[in-house]
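The structure under discussion appears below in the form of structure tokens.
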Amino acid sequence: MLNLILFGPPGAGKGTQSEKIIAQYKLIHLSTGDLLRSEIHAGSELGLQAKTLMDKGILVPDEVVIGMIDNKLKEHKDAPGFIFDGFPRTVKQAEALDNLLASYHESISVMIALVVDDQELLTRLLNRGKTSGRPDDQNEELISKRIQEYNSKTKPVADYYQEQDKFVAINGIGEIDFIFGEITKAITKAISK
């Protein structure tokens, strides 16, 4: 089973590349935001728990998110693998994900990080803001804060997977297909370990 974490700051091209990865490898896309919305919509116990917290402006605890991921793993037992998007964001979450996967005799195959310098991210997000209508892509100060937040909070997660020899950094600047080619090389190498 191929279990991949796609990492990168806002504007790095994760959305574009995850679509290509999913099409190529037939992976199940696990986006924590999508999971939360779907569990809430389904009215599941975890969804109701999450909604109660979100309505109060409280972050959904890791245990609830891990529970939702567990539900997806059970639902797609025969999948060729999963692509994790937006999770894990902390070392604690990475450890919880590793423990959950271990209970299925699985593990993370590779964490791929799209690396793009801050100035390029700023340019991309401001351009995206012109067409996306997203207010958080139209304000330079907000964009800079999001990039700083990513850089400070996610570096320990990258280090965590680096220690397991599962971290691969890929230059996220260039032609989309070239970047995808670099990603497939990293996946092929991870699978053959």
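The values are calculated or read from the model by the stated rules, or taken from the named source; none is laboratory data. Just so it is clear, the structure is predicted and the values come from calculations on it, not from any experiment. Every residue, glycine as well, gets a Cβ built from its backbone with ideal geometry; the counts of neighbours run over all protein chains shown. When the accessible area is computed, the model is the full protein with side chains, heavy atoms only, and any ligands, DNA or RNA have been set aside. Shrake-Rupley method; radii C 1.70, N 1.55, O 1.52, S 1.80 Å.
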Taking the convex hull of the alpha-carbon atoms of the chain and averaging its shadow over every direction gives an area in square nanometres of 11.3 nm²
Computed, not fitted: 222 nm per-residue ellipticity of the chain from DSSP H runs ≥ 4 (each -39500 (n - 2.57)), nearest 500, equal to -19500 deg cm²/dmol
Over 31 Å (Cα to Cα) among Lys56/Lys166; Lys20/Lys77; Lys20/Lys145; Lys130/Lys166 -> Lys56/Lys166; Lys130/Lys166
Taking a probe of 1.4 Å and leaving out DNA, RNA and ligands, the range 34-121 shows per residue an accessible area in Å² of 54 Å²
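Going by a ≥ b ≥ c, the root eigenvalues of the Cα gyration tensor, does the range 1-81 fall in the rounded group (a/c under 1.5), the prolate group (a/b larger than b/c) or the oblate group? If you can, show how the numbers build up before the last one.
Numbers: a/c = 2.53, a/b = 1.48, b/c = 1.71.
In terms of gyration-tensor shape, oblate.
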Under 5 Å from the placed amide H of Ala169, counting only residues 5+ away or on other chains, we find Ala113
As a Kirkwood estimate from alpha-carbon pairs, the range 77-152 has a hydrodynamic radius in angstrom of 15.0 Å
Taking the alpha-carbon centre of each part, the distance from the range 170-190 to the range 2-23 in Å is 10 Å
Sorting Arg146, Arg134, Arg37 on solvent-accessible surface, 1.4 Å probe, most exposed first, gives Arg37, Arg134, Arg146
Taking Lys and Arg as +1 and Asp and Glu as -1, residues besides Lys193 with C-beta under 14 Å from its C-beta add up to +2
